[in-house]
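Presented below is the structure to which this report refers.
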Amino acid sequence: MLEVKDLRVWFPARTSFWQSLKGVSRYVKAVDGVSFTIKRGEVLALVGESGSGKTTTGKAILRLIEPTSGEVWFEGVNVLSLNKKELKEFRRKAQIIFQDPFESLDPRMTIYDIVAEPLKVNKVYGSADEEYDAVAKALEDVRLVPPEDFMTRFPHELSGGQRQRVAIARALILRPKFIVADEPVSMLDASIRTQILELMEDLRKEYGLTYLFITHDLAQARYTSDRIAVMYLGRIMEIGPTEEVVSNPLHPYTKVLISHVPIPDPKLAKSRKKIDVPGETPSPIDLPPGCRFYPRCPFAREVCKEEPQLIEVEPGRWVSCHLVRS
Amino acid sequence: MKGLKLRLRVLRRRVSNFWRIYRTSKLGLAGLAIILGYVALAVMAPYITPYDPFESVALPFEEPSPQHPLGTDHLGRDLLSELIYGTRVSLMIGLTASFISVMIGTTVGLIAGFFGGKVDTVLMRLTDTFIQMPQLPLMLIFVSILGKGILNIVLAISVVAWTASARIARSLTLSLKERPFVEAARAVGAGSFQILWRHIVPNVFPVIFAYANIAVVDAILSESFLSFIGFGDPRTPSWGMILYFASRSGAMSNGFWWFVIPPGLMIMTLALGFAITNYSLDQVLNPRLRRR
Amino acid sequence: MLLKVRDLRVYYDTVAGVVKAVDGVSLSVERGEIVGLAGESGSGKTTMARAIMRLLPSNARIVSGEIVLDGVDVLSLSESELKDFRWKKVSMVFQGAMNALNPVLRVGEQIAEVLVEKAGYDKRRAWSRVEELFKLVGIDPSRTRDYPHEFSGGMRQRAVIAMAIALNPDLVIADEPVTALDVVVQSKILDLLKRLRDELGISVLLITHDLSVIAEACDRTAIMYAGRIVEYGSTEEVFEEPLHPYTRALISAFPSITGERRSFEPIKGDPPNMLNLPPGCAFHPRCPKAFDKCSKEVPELKEVKGRLVACHLWG
């Protein structure tokens, strides 16, 4: 359904005065050669730490951020070559749910106007009654019932969970097929998280949706996705079926990450072994050539100074590491 | 039908929400009361004035008396009547001049902030030019070119005063356009003008609305000053005009206080009314300033 | 016993009404243990911390209760006595403090300043103590003269912890110390807190919304809901067999990377409105096991199976 090929998003980085005189230009390589596919009806979790480029990837696919290069094929068309009008059509099929439900809703709009906005800007319905019914249905879909109670309210009058439901209703009202969910529950309380994740799963089944689920939380990815792609500094380190990646990570970075994920079980937490790595994730400016993880990798060798390619080492499992070969 | 009912419900809620918070501000209520008092005075002028403000009805420079509570001016006109009619002029000029200047400024600021780049540079340099020019001489030049008369005074004030709202609107727009809800609107297919109209304008409006009160104060003071130094329209009895005649006829040196103090007080009180209304509106419309 | 809080009530007066942020909380912390205080937003956990530090905002009232730290009645301390109390007896790592370091002062300088001002160190001794502290929290001591922006997020958090332990307090209150940090850094900071407990014997009151952080680091755990503690006991027991329905639901809301991929048991409804709490047990409208009594009587915190639980099910 969706195929991303060698996607790159570079932002010009601030250079010092002297550097600019010398004609040095530096780039933040937020996304630097990312490729993956998502099948219809599948949930792919894009997991990474801050600065890994996961959100940038998600937004670049929808062209909310213009990619520097690459291809994004959606139902047979390259999204990156669409003109303005075609892009508008595309956005009826591909939508996004943002991380922060406190910021993604216009504080001066009513819930009705927020949810109706996609209908209005795309001129979906001719009559106000049709629009009203569609908004009511969308609010029912996200279990904000009775919808009449919510339509005239403002975002600040709703709880965090309710706001995220509104954001989901807005994303779904055009009946898209593909949704980028950018950390949809990370700002919510734990008891609300599960409600929203359940809702997203129900809606996925009901409307046959496909999700790109962006998260920093591997445990959450495990519960919500069919496959996981792990990103580090703008590149994908490993892709594979969720359960296999979690129980048997192949890439050293994934191994390290999984060994540090906090476990909500004190006994298991005590008994597991953490893999020690030096330092912290650097910023994606002026990265050295070779494997991104090489400077910190506990298993690094000489060969790692060359850039590894993402290759299939076992059926369905793709790893970008010189040391992991089939 | 359902949609219309919904709109009405929303409108009612917006008004009642606003009033619920505004009500808690004593200062704001006082400001509003002052403004409403002046509006009533302006509307009712023909019915409550004891004399025709253009007619000589007594001897010049009469002291306050039961017949003429605020005395008479240099032509023997009733000063109380003149003051009440003056409310019409001052309010009208204050409101229209601030409306025009805020409209110009907001439009310039919105366009500059939202589209950025060259548009921004050109519009903002223009704004800076206006800011750097001394305001009073500029107004005087405009009035001299356009000629006397209320409308020309309004235009002169607007042309000078729009820059502040342009700056405010621009800086708000710059921060608003980076907010996630704008990105969300873009994601559902909204174009630039739709975003500007549906999201930026409604969020800029409350702040500008609060600011417009200050613009009214400025306009009222500017009008009074222009009239006072002789650039006003002698046929309209504005407060500044009364002061102009008072100074021309030597009311100050002769101790005719009733010719000077009442119009001064009228100007100050109305300006104060708008100023404290602005302060309270700021509190209500910008929740960040609101005390928890 | 190092810290004993008894029946603490802290109310906020707001325009909209009275918020009973902490409403009858009793809690104890022993020497050399890490106690986790977990709860969702608005549960009152940060207010607890601020009350112990005597750093409540001006619209807060302490309605009743007692806080005793190492034999000192905290609530009766005068302003001048508080100067000797904060930093030296108890210190706090505020939420987001790592991003609140003064950007124009060297990191070491900011810690030295605390030593000079609060404990009368002279400059030289202060700097050598800063180096010592850096070593203790795992930062290269040669970097005391770096500016905050030269530090990574994890290092800044370590520096903030170094500042908190600079004057050897008995208790460190850490409010969300690992929120917003990356996984690996998070786990290293938690390891640091455990090491400080073991090496220095300090106690930590770790406030967090994240139960997996609690499970990783805390010896005992208190779960708060709507201004009250609903369950308090050893972390292992609480996680092994949660007795309060809220604890149970909250634990099941945290996905795990290990073990069976069990399904969530979503908690229905929204967190309560703190201005208008439901009568009886504040959790009863969301509780799957609620019965008649739950909506009428506020359950007391009682000892059940060697820990404290506030639930009518354990009548």
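Figure legend. Inter-residue proximity from the range B:132-151: first residues farther than 19 Å from B:T163 by Cα, second residues part of a helix (DSSP H, G or I) and of a type in the set (A, V, I, L, M, F, W, C), beta-carbon distance below 8 Å, spacing 6+ or different chains. Indicated pairs: B:L146/B:L155; B:L146/B:A156; B:I150/B:V89; B:I150/B:M92; B:I150/B:I93. Among the candidates C:K289, C:K268, single out the residue that is assigned to a loop (DSSP other than H, G, I, E, B), more than 30 Å from C:D70 (Cα to Cα), within 11 Å of chain A (Cβ to nearest Cβ) and not acidic (D, E). Result: C:K268 is the single residue among C:K289, C:K268 that is assigned to a loop (DSSP other than H, G, I, E, B), more than 30 Å from C:D70 (Cα to Cα), within 11 Å of chain A (Cβ to nearest Cβ) and not acidic (D, E). Only a single criterion out of (1) facing chain B (nearest Cβ under 10 Å); (2) aliphatic (A, V, I, L, M); (3) in a helix (DSSP H, G or I); (4) under 27 Å from A:R40 (Cα atoms) is not satisfied by A:A60, namely (1).
Consider the range A:248-271 and keep the residues that are without any contact (Cβ under 8 Å) to a residue 24 or more places away in the chain, more than 8 Å from chain C (Cβ to nearest Cβ) and closer than 30 Å to A:P308 by Cβ. The one that is surrounded by the fewest Cβ atoms within 10 Å (Cβ to Cβ) is A:N248.
Cβ separations smaller than 7 Å between residues 6+ apart or across chains give the following pairs from the range B:158-176 residues that are farther than 9 Å from B:V204 by Cα to residues that are acidic (D, E): B:A161/B:D218.
Of the residues that make up the range C:136-144, is at least one surrounded by fewer than 18 Cβ atoms within 10 Å (Cβ to Cβ), away from chain A (no Cβ under 14 Å) and part of a helix (DSSP H, G or I)? Please lay out each step first, then the result.
Our first condition is that a residue be surrounded by fewer than 18 Cβ atoms within 10 Å (Cβ to Cβ); within the range C:136-144, this holds for C:138, C:140-143.
The next check asks that each one be away from chain A (no Cβ under 14 Å); those that pass are C:141-142.
If we keep only those that are part of a helix (DSSP H, G or I) as well, we get C:141-142.
Checking the range C:136-144: at least one residue is surrounded by fewer than 18 Cβ atoms within 10 Å (Cβ to Cβ), away from chain A (no Cβ under 14 Å) and part of a helix (DSSP H, G or I).
If you go through the range C:43-63 one residue at a time, do you hit one that is within 27 Å of C:L181 (Cα to Cα), within 14 Å of chain A (Cβ to nearest Cβ) and assigned to a strand (DSSP E or B)? For the range C:43-63, residues within 27 Å of C:L181 (Cα to Cα), within 14 Å of chain A (Cβ to nearest Cβ) and assigned to a strand (DSSP E or B): absent.
Contact map, the range A:185-207: residues that are without any contact (Cβ under 8 Å) to a residue 24 or more places away in the chain paired with residues that are part of a loop (DSSP other than H, G, I, E, B) and charged (D, E, K, R), Cβ distance under 8 Å, separation 6+ or inter-chain. Pairs shown: A:A190/C:E40; A:A190/C:D210; A:S191/C:E40; A:T194/C:E265.
Residue-wise test of (1) surrounded by fewer than 24 Cβ atoms within 10 Å (Cβ to Cβ); (2) facing chain A (nearest Cβ under 8 Å); (3) of a type in the set (D, E); (4) over 21 Å from C:W87 (Cβ atoms).
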position: C:V185; (1), (2), (3), (4): yes, yes, no, yes
position: C:L196; (1), (2), (3), (4): yes, no, no, no
position: C:L205; (1), (2), (3), (4): no, no, no, no
position: C:H209; (1), (2), (3), (4): yes, yes, no, yes
position: C:E216; (1), (2), (3), (4): no, yes, yes, yes
position: C:R220; (1), (2), (3), (4): yes, no, no, yes
position: C:M224; (1), (2), (3), (4): no, no, no, yes
position: C:V230; (1), (2), (3), (4): no, no, no, yes
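Against the test of being more than 18 Å from the chain's Cα centre (by Cα), more than 14 Å from chain C (Cβ to nearest Cβ) and of a type in the set (A, V, I, L, M), the options A:A169, A:A190, A:A181 yield a single qualifying residue, A:A169. No other residue among C:I173, C:I165 is buried (at least 22 other Cβ atoms within 10 Å of the Cβ), under 26 Å from C:G39 (Cβ atoms) and either aliphatic (A, V, I, L, M) or more than 13 Å from chain A (Cβ to nearest Cβ) (or both) apart from C:I173.
Is there a residue in the range B:188-207 that is assigned to a helix (DSSP H, G or I), more than 11 Å from every other protein chain (Cβ to nearest Cβ), touching a residue at least 40 places away in the same chain (Cβ under 8 Å) and under 22 Å from B:Q283 (Cβ atoms)? Yes, the range B:188-207 has at least one match.
Conditions (1) outside any loop (DSSP other than H, G, I, E, B); (2) free of Cβ contacts under 8 Å to residues at least 24 places away in the same chain, marked per residue:
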position	(1), (2)
B:Y47	yes, yes
B:Y51	no, no
B:E62	no, yes
B:S81	yes, no
B:Y85	yes, no
B:V89	yes, no
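Scanning the range A:84-113 for residues that are among the hydrophobic types (A, V, I, L, M, F, W, C) and over 23 Å from A:L212 (Cβ atoms), we see that the one that is farthest from the other protein chains (Cβ to nearest Cβ) is A:I111.
Can you find a residue that is out of contact with any helix residue (DSSP H, G or I) (no Cβ under 7 Å at 6 or more places or on another chain), within 14 Å of chain A (Cβ to nearest Cβ) and not β-branched (V, I, T) anywhere in the range B:145-163? No, that holds for no residue.
Being within 7 Å of another protein chain (Cβ to nearest Cβ), part of a loop (DSSP other than H, G, I, E, B) and among the basic types (K, R), is that true of even one residue in the range A:218-230? The answer is no, given that none of the residues of the range A:218-230 is within 7 Å of another protein chain (Cβ to nearest Cβ), part of a loop (DSSP other than H, G, I, E, B) and among the basic types (K, R). For the range C:299-315, filtered to residues that are surrounded by 16 or more Cβ atoms within 10 Å (Cβ to Cβ) and in contact with a Cys (Cβ under 9 Å, 6 or more places away or on another chain), the residue that is farthest from C:A16 (Cα to Cα) is C:V304.
When every residue of the range A:116-139 is checked against the conditions, none turns out to be touching a residue at least 40 places away in the same chain (Cβ under 8 Å), within 30 Å of C:A16 (Cα to Cα), buried (at least 20 other Cβ atoms within 10 Å of the Cβ) and of a type in the set (A, V, I, L, M). Does C:R125 qualify as being over 17 Å from the mean Cα position of the chain (by Cα) and either more than 26 Å from A:T281 (Cα to Cα) or among the basic types (K, R) (or both)? Here the answer is yes, as C:R125 does meet what is asked.
Within the range C:64-106, the set of residues being outside any loop (DSSP other than H, G, I, E, B) and of a type in the set (S, T, N, Q) comprises C:S64, C:S76, C:S80, C:S91, C:N99.
A short reminder: the numbers here are calculations on the coordinates, not readings from a lab. This one's a predicted model, so the numbers in the text were calculated from it and none came from an experiment. Positions of Cβ are generated from backbone atoms using ideal geometry, with glycine treated the same way; all protein chains shown enter the neighbour counts.
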